[in-house]
Amino acid sequence: MTLGTTLTSLEQAQILRRLVLAGEEDLGALYRFKHSLTQDAAYRSLPRRQRQQVHQRVAECYETLFAGRLDEHAAVLAYHYGEAGDQQKL
């Protein structure tokens, strides 16, 4: 099963919602859990080290996607680098 197929299945099951952000159409498909409890359960099921790795990857993606506008995303970057335990980036 490919990532695209999995995302489509989760969207059809109403677990995820596909988002389109105004002015950010070039980012491609973005998804959000439909219910925060589902998101919390999925997040808490990950071992701590894996959660840190996810936060690190999210922060790095933000730095790449918004390279020219990091000031606008400083709070999000600080949160994810903090959760990743990356003290050098804080």
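Of all the residues in region 34-68, those that are closer than 24 Å to Arg18 by Cα and basic (Lys, Arg) number 4.
Here's the yes/no breakdown for (1) more than 16 Å from the chain's Cα centre (by Cα); (2) of a type in the set (A, V, I, L, M, F, W, C); (3) in the same structural domain as Gly4 (by TED's automatic domain parsing):
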residue	(1), (2), (3)
His35	no, no, yes
Ala41	no, yes, yes
Gln53	no, no, no
Gln56	no, no, no
Tyr62	no, no, no
Val76	no, yes, no
Tyr79	no, no, no
Glu83	no, no, no
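Going by the conditions given, is Leu16 touching a strand residue (DSSP E or B) at 6+ places or on another chain (Cβ under 9 Å) and at pLDDT 95 or above? For Leu16, the condition - touching a strand residue (DSSP E or B) at 6+ places or on another chain (Cβ under 9 Å) and at pLDDT 95 or above - is met.
The values are calculated or read from the model by the stated rules, or taken from the named source; none is laboratory data. Note that this is a predicted model, so its numbers are computed, not measured. With ideal geometry, Cβ positions are generated from the backbone for all residues, glycine too; neighbour counts draw on all protein chains shown.
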